[in-house]
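Okay, so here's the structure we're looking at.
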Amino acid sequence: IKTFTNNASDYSVSPNGKFISLIIRGELFVKEADKDKNRTANLSNHSYRETDAVWLNDTTLIFASDRSDNNYDLYMVQSDDRKEPELFKSLKHKIVKLTDTDEDESSPVVSNNGKQIAYVRGTDVKEFIVADISAEGKLTNEKILHKGWAVPSDVKWSPDDKWLAYSMSDLYFNEEVF
């Protein structure tokens, strides 16, 4: 067993503030948001690489992984124990594939109400996509907001979930805010 105390490449706080997801060396972990508690639960425990973990709600995480087809798709992990819905406390986890395309999907950002998701699809030509998402992870009503070489960054939903704000490089590599 190896202990890591730094170098998390990504983290996300659950909507209720009780849990933190961490990506360390490509593995997905969850822990309680308490500095005095050190225990983490490994949700992946394999050789595939996970990235971009975000909370859909207090009991569900969405992340990108290269688990199949040699490209990154979006996945969802939940407790598979009916008696214990919290990811951290559950010993059984269910991982569901949300996207299945030939292109990479990455950078998911879930709306404040958990009913929409924005993400990026593509390797050379990038598509910035917004879709509706159910609590079960079903993506519907997909809309392409932007298609081009630049990738939106620092994507944020407005408090009422009606608008997105993000920055993106222009042809002179200046960051523009949209």
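Which one of the conditions (1) modelled with pLDDT of 90 or more; (2) in contact with a Lys or Arg (Cβ under 9 Å, 6 or more places away or on another chain) does ASN57 fail to meet, given that it meets all the rest?
Every listed condition holds for ASN57 apart from (2).
Can you name the residue in the range 101-114 that is in contact with a strand residue (DSSP E or B) (Cβ under 6 Å, 6 or more places away or on another chain) and charged (D, E, K, R) and is also surrounded by the most Cβ atoms within 10 Å (Cβ to Cβ) among such residues?
Ranking the qualifying residues of the range 101-114, first place goes to GLU105.
Check the range 123-134 and report whether any residue there is touching a strand residue (DSSP E or B) at 6+ places or on another chain (Cβ under 7 Å), open to solvent by 40 Å² or more (accessible area, probe 1.4 Å) and assigned to a loop (DSSP other than H, G, I, E, B).
Scanning the range 123-134 turns up at least one residue that is touching a strand residue (DSSP E or B) at 6+ places or on another chain (Cβ under 7 Å), open to solvent by 40 Å² or more (accessible area, probe 1.4 Å) and assigned to a loop (DSSP other than H, G, I, E, B).
Have a look at LEU91, LEU87 and point out the one that is surrounded by 19 or more Cβ atoms within 10 Å (Cβ to Cβ), at pLDDT below 90 and of a type outside the set (D, E, K, R).
Sole residue among the options that is surrounded by 19 or more Cβ atoms within 10 Å (Cβ to Cβ), at pLDDT below 90 and of a type outside the set (D, E, K, R): LEU87.
Taking the range 23-53, which residues are buried (at least 20 other Cβ atoms within 10 Å of the Cβ) and within 17 Å of PRO108 (Cβ to Cβ)?
Hits for the range 23-53 are ILE23, LEU28, VAL30, LEU43, SER44, GLU50, ASP52, ALA53.
From the residues in the range 135-178 that are part of a loop (DSSP other than H, G, I, E, B) and small (Gly, Ala, Ser), which one is nearest to THR99 (Cα to Cα)?
In this case the residue turns out to be GLY137.
So in the range 109-122, with the set limited to residues that are of a type outside the set (Val, Ile, Thr) and assigned to a strand (DSSP E or B), which one is nearest to ALA150 (Cα to Cα)?
So, considering only residues that are of a type outside the set (Val, Ile, Thr) and assigned to a strand (DSSP E or B), the one nearest to ALA150 (Cα to Cα) is ARG121.
Take the conditions open to solvent by less than 90 Å² (accessible area, probe 1.4 Å) and at pLDDT 95 or above and apply them to ASP170. Does it pass?
no
How many of the residues in the range 71-84 are open to solvent by less than 30 Å² (accessible area, probe 1.4 Å) and either touching a helix residue (DSSP H, G or I) at 6+ places or on another chain (Cβ under 6 Å) or closer than 30 Å to ALA165 by Cβ (or both)?
So the count comes out to 6.
For the range 10-22, give me the residue count where each residue is closer than 12 Å to ASN42 by Cβ and either open to solvent by 40 Å² or more (accessible area, probe 1.4 Å) or among the aliphatic types (A, V, I, L, M) (or both).
The number of residues fulfilling the criteria is 1.
Say whether the condition of being surrounded by fewer than 14 Cβ atoms within 10 Å (Cβ to Cβ) and of a type outside the set (Gly, Ala, Ser) is met by at least one residue in the range 59-70.
Yes, some residue in the range 59-70 is surrounded by fewer than 14 Cβ atoms within 10 Å (Cβ to Cβ) and of a type outside the set (Gly, Ala, Ser).
Which fully enclosed strands (runs of 3 or more DSSP E) of the range 1-93 have 2 or more residues being over 21 Å from SER134 (Cα atoms) and among the aliphatic types (A, V, I, L, M)?
Hits in the range 1-93: 19-24, 27-32.
Could you grab the pairs with beta carbons closer than 6 Å, sequence gap of 6+ or different chains, first residue in the range 147-160 and farther than 10 Å from GLU127 by Cβ, second one exposed (fewer than 13 other Cβ atoms within 10 Å of the Cβ)?
Once the first residue is farther than 10 Å from GLU127 by Cβ and sits in the range 147-160, its partners that are exposed (fewer than 13 other Cβ atoms within 10 Å of the Cβ) give LYS156/ALA165.
The values are calculated or read from the model by the stated rules, or taken from the named source; none is laboratory data. Bear in mind that the values here come from a model prediction, so they are computed numbers and not experimental data. Every residue, glycine as well, gets a Cβ built from its backbone with ideal geometry; the counts of neighbours run over all protein chains shown. Areas reflect the complete protein model, heavy atoms only, side chains present, ligands, DNA and RNA absent. Shrake-Rupley method; radii C 1.70, N 1.55, O 1.52, S 1.80 Å.
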